[in-house]
Structure formats: C-alpha cells, structure tokens
Amino acid sequence: YQIHSADWLTYKTLITQMMLSVGDLAMYTIYLCIEHTPKIIDAYLDELDDVFRKIKECEDGGGDPSSYLHGSICNDGFKRLN
C-alpha cells in the first residue's frame, strides 16, 4: 500500500517504527504465509489500525508526523549515502 501524501516517507518510517515497538517487523508491504494463523493476522491488523489512526490524525491537521519519530526519516529508494 502507499499513502498519497507529501509526508509519505515520514509515514513509511512511522509505520516501521510503530510496528517495531509492538514486536512486528513491518513496512509498507505485507507478506503472509500459511504459518500465519488468523489470530496472528488479526493481531497484526489491529496494530496496523493504530498506525493508520495516527496517520489520519496527522493528515487531518493533528500534528507534524515527524514529531512522532524517534530517529531519522527513511531514504527514498536505494542510493549511495556517502
């Protein structure tokens, strides 16, 4: 999925950060396998709902999304960093 916003990279970073805080490795893609039970998937989607609520709050004027980050914003694509 992708969020159409000028703050897309900030949201992408926020998704990863918030999901990691609850023990899920996540970004803007979802990979499922047959080992993922409905219970696991439902818990993941519940956590993702919290992230989307925060993003909607920011998009509706509820604050600067970068203020919720604990680090720097991710890079856009693969490129040399030095």
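The values are calculated or read from the model by the stated rules, or taken from the named source; none is laboratory data. Model, not experiment: these values are computed from the prediction. In this analysis, Cβ positions are derived from the backbone assuming ideal geometry, glycine residues included, and neighbour counts consider all displayed protein chains. Just so you know, the surface numbers come from the protein's heavy atoms only, side chains and all, with ligands and any DNA or RNA stripped out. Shrake-Rupley method; radii C 1.70, N 1.55, O 1.52, S 1.80 Å.
If we scan the stretch 56-70, do we find a residue that is in contact (Cβ under 8 Å) with a residue 40 or more places away in the chain and surrounded by fewer than 13 Cβ atoms within 10 Å (Cβ to Cβ)? Let's see the steps before the verdict.
Quick first cut of the stretch 56-70, residues in contact (Cβ under 8 Å) with a residue 40 or more places away in the chain only: 58-59, 65-66, 68-70.
Right, trim to surrounded by fewer than 13 Cβ atoms within 10 Å (Cβ to Cβ) and you get 70.
Yes; the residues of the stretch 56-70 include at least one that is in contact (Cβ under 8 Å) with a residue 40 or more places away in the chain and surrounded by fewer than 13 Cβ atoms within 10 Å (Cβ to Cβ).
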TODO: Go through the residues of the stretch 22-37 one by one and say whether even a single one is open to solvent by 70 Å² or more (accessible area, probe 1.4 Å) and in a helix (DSSP H, G or I).
DONE: no
Task: Given (1) farther than 18 Å from residue 2 by Cβ; (2) part of a helix (DSSP H, G or I), index of the condition residue 70 fails - done: (2)
